[in-house]
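Written out below as structure tokens is the structure these notes cover.
FYI, it's all coordinate maths here, none of it is from the lab. Quick caveat: nothing in here was measured; it's all calculated off a predicted structure. FYI the Cβ positions are ideal-geometry reconstructions off the backbone, even for glycines, and counts take in every protein chain you see.
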Amino acid sequence: MPLYEFLDNTTGEQFTKMMSISDREQFLNNNPNIQSVVCAPALISGTGYQKKQDSGWKENMSRIAEAHPNSAFAEKVKGKSIKESKISDVKKKHGLTKRGSYDMKGL
């Protein structure tokens, strides 16, 4: 259930209550001297826990990347040097990274 901020107009007291939205509407109707205060919601910038990977796991990932050098996974895990990057660009330009049969009719 969400938290709502309220202001008592008679005493000037501001307080917080946890209730459903229907209970909030009923609470405001039953208490005309209380008004709801609009405030910015609290935002959570990040959740999650990233555990440091041990060397055995990194080694497995690098082996998988080496076995599939043209995959997106390999680019993410292994990274490429400038030389490897340029070679890869030339291969893509000439269609050499495609899998399957090649069209050799033009030769």
Check the straight Cα-Cα distances from LYS76 and name the aspartates and glutamates below 17 Å, setting aside those fewer than 8 residues away within the same chain.
GLU59, GLU66, GLU84, ASP89
On a straight-distance basis, which aspartates and glutamates could pair with LYS17 in a cross-link, Cα separation under 17 angstrom, same-chain partners fewer than 8 positions away excluded?
GLU5, ASP8, GLU25
Once both label points are put 7 Å beyond Cα along the C-beta direction, the GLU25-ALA67 separation in nm becomes 5.8 nm
